[in-house]
Amino acid sequence: MAIRSILAGVGAYLPDRAVSNDELARTVETSDEWIRERTGIRQRYIAAPHETAAFMATAAARAALADAGAGPAEVDAIILATSTPDQAFPATALRVQAALGVTKGFGFDIAAACAGFIYALSVADSMLRTGQARGALVIGSEVYSRIMNWQDRGTCVLFGDGAGAVFLRADEDAGRTDRGILSTHLHAQGTLGDILYVDGAVGRHDKPGHLVMNGREVFRHAVVRLAEAVAEALAANGLTQRDIDWLVPHQANLRIIDAMGRKLGLPPERVVITVDRHANTSAASVPLALAEARKDGRIRNGDLVLMEALGGGLTWGSALVRM
Ligand code: COA
């Protein structure tokens, strides 16, 4: 029987401090009305100095393990998506490994910007299916507040901090019951790297490392690419739009999310939305949304969940999961 990756547990962490649009409007020329109309964002969480990617990832991972009824001994792999790691190395995943008391297996970080969680999920799923691990933590953790240009109103109002995690378990019987990750699909187009990027990193001391974005271009590509990714996921599994119970999209902009929901013919109540409260938490946004809808009982066992995300790179992808 083929091995499937079961999504056994979910967890989330948000910083203590919520910052409203009105509060931002005190330091940058913007307004609550502009931000809400263009993006759907009402507030975002901003990390305190101690709330690093590793700190938040550890909290989300602990919650995911608890949700799965699993302990550190069950964790073989930690795959962590972040563009805002604590250090160049060790990988943030290994700081999490140490904090959780996991003493075996392996871990590494993935940098795929806002599509990072989908990338990490895909890699973990492949490793579980091929027997390289039996239990994997897949985490998205980001502190974009530290790479914002707080003078650039075109970007600084859009992002927030947080972490989300899932615990995957290899299951030999899942193929029979049709549970688990059905498929993932990854894409990238490096030639579009200049429409959304960070202009520096530890290897570039001449640059501070701030996020730069051509919002209109990103918007245009997001709608087209994500629609393609969704169609690809359904076709690969012989499914149609009507089979989808939940859309858990990347939370960048309510207008992009609404467009995707309409394309799929899904009523708004079948689309999980957190962008209003979390803003865009990049690689953390999909697992944060998934954790919220799982915890509040909306997404139940047996439901078919479609996740999709697009980010700087460009990177994009989808994952289809039967809970
Ligand atoms: N407050 C007030 N005005 C703002 C503003 C802000 N925070 N940010 C930009 N503006 C102004 C611009 O300066 C511009 O003014 P001008 O016409 O006088 O030059 C005007 O609003 C329109 O700007 P524009 O960038 O064309 O707005 P838009 O309708 O394209 O919306 C985004 C901007 C960023 C909300 C939108 O392009 C978007 O959501 N893009 C996708 C971003 C995304 O998803 N990124 C993450 C992908 S992972």
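Some points to look at:
- Residue in the stretch 20-47 that is most open to solvent (accessible area, probe 1.4 Å), counting only those that are away from the ligand (no atom under 13 Å from the Cβ) and touching a residue at least 40 places away in the same chain (Cβ under 8 Å): 42
- Extreme residue, most open to solvent (accessible area, probe 1.4 Å), among residues of the stretch 52-94 that are among the charged types (D, E, K, R) and in contact with a Gly (Cβ under 9 Å, 6 or more places away or on another chain): 62
- Every residue from the stretch 272-316 that is part of a loop (DSSP other than H, G, I, E, B) and more than 20 Å from residue 20 (Cα to Cα): 272, 296, 297, 298, 299, 300, 301, 302, 303, 312, 313, 314
- Residue match in the stretch 127-148 (condition: aliphatic (A, V, I, L, M), open to solvent by 30 Å² or more (accessible area, probe 1.4 Å) and under 30 Å from residue 73 (Cβ atoms)): yes
- Identification of helices (runs of 4 or more DSSP H) wholly contained in the stretch 152-271 with 3 or more residues that are closer than 28 Å to residue 47 by Cβ and within 16 Å of the ligand (Cβ to nearest atom) yields 153-156, 215-236, 254-263.
- All positions within the stretch 1-19 that are crowded, with 21+ Cβ neighbours inside 10 Å and among the β-branched types (Val, Ile, Thr): 6, 10
- Evaluated against (1) away from the ligand (no atom under 16 Å from the Cβ); (2) modelled with pLDDT of 95 or more; (3) in a helix (DSSP H, G or I), residue 319 falls short on exactly one condition, (3).
- Residue in the stretch 156-165 that is on the phi > 0 side of the Ramachandran plot, in contact (Cβ under 8 Å) with a residue 24 or more places away in the chain and in contact with a Lys or Arg (Cβ under 6 Å, 6 or more places away or on another chain) present: no
- Checking each residue in the stretch 149-162 for being of a type in the set (Phe, Trp, Tyr) and open to solvent by 20 Å² or more (accessible area, probe 1.4 Å) picks out only 150.
The values are calculated or read from the model by the stated rules, or taken from the named source; none is laboratory data. Note that this is a predicted model, so its numbers are computed, not measured. Cβ atoms come from the backbone with ideal geometry, glycine included; neighbour counts cover every protein chain shown. Quick note on the areas: whole protein, heavy atoms, side chains included, nothing else; ligands and nucleic acids left out. Shrake-Rupley method; radii C 1.70, N 1.55, O 1.52, S 1.80 Å.
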